[in-house]
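Below is one structure, written out as structure tokens; the observations come after it.
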Amino acid sequence: MPTGYTAPVQDGKIVTLKDFAWCCARGMGALVTMREAPSDAEIPERFYPDIARYDTEIDAARTQIERLSRLSAAECDLEAAAAFEAELKSLANAALRKRRYEDMLAKVEAWRCDDEVRTLRDFMVEQLKSSIGFDCSTEYSLSHPPVRLTGEQWREKQLAETSRFLAFYATQRDNEIQRVEGRNKWLAALRASLD
């Protein structure tokens, strides 16, 4: 039985090494993003890094650092108070979410359904249990209860966190550029070896 790569050979649509190599190359690292594309989709001469999302995050982090640096002490105090209230509200909402999930889980587990739909019921149970574990865990909040920071403590924490985000996205951006350079190098080597 032919694979998606050998079917054109079996059908006689591919008869040259070069065409077969290009067909199979779609399943390899440099061209793996094209594996779902139609088999006759043109392979580009080169790829370009997709860095727009990283640039957006980098710009947002820089803007946030500038904003935080310009805040007055009174504004930082207000922001710190609002952040503390938001954390308390989030904890209260987690308890509400958990109660809602558990109420629905009890209903699903009590559901006596036909064997034909048991897979659906099991899936529903799995989804609810997964959401309870992810959305409702209080383990972290119990070991790290919300703390009311001073305005300056809040600013320093926000600056540190935003600086970490900035460094992370800058690294991811550089990694994307290096990945694409590697893909283009492989693509050039493949082209040279088939010409």
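Annotations for the structure displayed:
- Lys pairs under 29 Å by Cα in the chain, provided they are eight or more residues apart or on distinct chains: 9
- Length-normalised contact order for the chain - Cα pairs under 8 Å, 6+ apart - percent: 37
- Potential extension, Trp186-Arg62 segment - 0.36 nm per residue separation minus Cα distance: 41.1 nm
- Each of Ser131, Ser69, Ser137 was scored by other Cβ atoms within 10 Å of its Cβ. Arranged with the fewest first, they read Ser69, Ser137, Ser131.
- Along the chain, counting only chymotrypsin sites (Phe, Trp or Tyr not before Pro) with a DSSP assignment other than H, G, I, E or B and at most 16 other Cβ atoms inside a 10 Å radius, the longest segment between sites is 6-110.
- The angle separating the long axis of helix 151-194 from the principal Cα axis of greatest extent in the chain is about 0 degrees.
- Calculated [θ] (222 nm, deg cm²/dmol) that DSSP helices of n ≥ 4 give over the chain, each run adding -39,500 (n - 2.57): -24500 deg cm²/dmol
- Distance between the 7 Å Cα→Cβ label points at Ala37 and Asn175: 2.4 nm.
- Positive-end extreme of charge dipole, the chain - chosen from Ala82, Ser72, Phe168 (charges on Cβ): Phe168
- Summary of the geometry: the range 43-80 and the range 111-177, compared by the centres of their Cα atoms, lie 21 Å apart.
Rule-based calculations on the coordinates, nothing more; no lab input. Quantities reported herein were computed from a predicted structural model and do not represent experimental measurements. Every residue, glycine as well, gets a Cβ built from its backbone with ideal geometry; the counts of neighbours run over all protein chains shown.
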